[in-house]
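Written out below as structure tokens is the structure these notes cover.
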Amino acid sequence: MNLSDVLRPTVQVNLWASLGYGLVLLLIPDVFCDLLDAEAINTAWLRTIGAALLGTNVLGSWLWLQSPELNMGRVQFATAGLEALAMSLSLVLSEFTAQNLWMVQASVVLAWLVTVGLWAGTQEATYNQSTA
């Protein structure tokens, strides 16, 4: 099994995980803070992140699943990688106020796994194989 074999399932994980996180962050950020046992200081940022997840990750993943394409694969990979990097940096810098830090750590691990799985979507050969 090579990396392109996990690409479609990874895009599906990206879609569904982002849909869940995005809807919760956009619609009920206080509940998210309660789950993490974190201070709900500025939930406006959480709503903004939720909207971005829905727009880029969910819509982008759905479009890619409808018609796999190199540039959309690159967008999905870059977005996932930047999100994973940002969350990792915030974790290392102790910027999260959550008492249930394991939930943040699990989200960071998931973000990196999705990023690795999306790598095949950035390779032209992945799309040439599927048309051959």
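Determine whether Phe77 is part of a loop (DSSP other than H, G, I, E, B) and touching a residue at least 24 places away in the same chain (Cβ under 8 Å).
no
Any idea which residue in the range 22-48 is modelled with the lowest pLDDT, counting only those that are surrounded by 14 or more Cβ atoms within 10 Å (Cβ to Cβ) and under 14 Å from Gln99 (Cα atoms)?
Going through the qualifying residues, I end up with Ala40.
Do the conditions hold for Ala106, that is, is it farther than 18 Å from Thr10 by Cα and either part of a helix (DSSP H, G or I) or within 17 Å of the chain's Cα centre (by Cα) (or both)?
When the stated conditions are applied, Ala106 does not pass them.
Which pairs do you get when a residue that is over 13 Å from Leu53 (Cα atoms), found in the range 81-93, comes within reach of a residue that is surrounded by fewer than 14 Cβ atoms within 10 Å (Cβ to Cβ) and at pLDDT below 95, reach meaning Cβ atoms under 9 angstrom, with the pair 6+ apart or on two chains?
Pairs found: Leu89/Glu95.
When you go through Leu93, Leu54 one by one, which is the residue that is farther than 24 Å from Ser4 by Cα and within 13 Å of the chain's Cα centre (by Cα)?
From the options Leu93, Leu54, the qualifying one is Leu54.
Of the residues Gly117, Gly50, which is closer than 17 Å to Arg8 by Cβ and in contact with a Leu (Cβ under 8 Å, 6 or more places away or on another chain)? Can you show your working first?
Working: Gly50 fails: closer than 17 Å to Arg8 by Cβ.
Of Gly117, Gly50, the one residue that is closer than 17 Å to Arg8 by Cβ and in contact with a Leu (Cβ under 8 Å, 6 or more places away or on another chain) is Gly117.
Which condition breaks for Val75 when tested against (1) surrounded by 16 or more Cβ atoms within 10 Å (Cβ to Cβ); (2) modelled with pLDDT of 95 or more; (3) out of contact with any Ser or Thr (no Cβ under 8 Å at 6 or more places or on another chain); (4) over 13 Å from Ala17 (Cβ atoms)?
Going through the list (1) surrounded by 16 or more Cβ atoms within 10 Å (Cβ to Cβ); (2) modelled with pLDDT of 95 or more; (3) out of contact with any Ser or Thr (no Cβ under 8 Å at 6 or more places or on another chain); (4) over 13 Å from Ala17 (Cβ atoms), Val75 breaks only (3).
The values are calculated or read from the model by the stated rules, or taken from the named source; none is laboratory data. In this text the structure is predicted, and so the values were computed from the model without any measurement. A quick note on method: Cβ atoms are made from the backbone with ideal geometry, for glycine too, and the neighbour counts reach across all protein chains shown.
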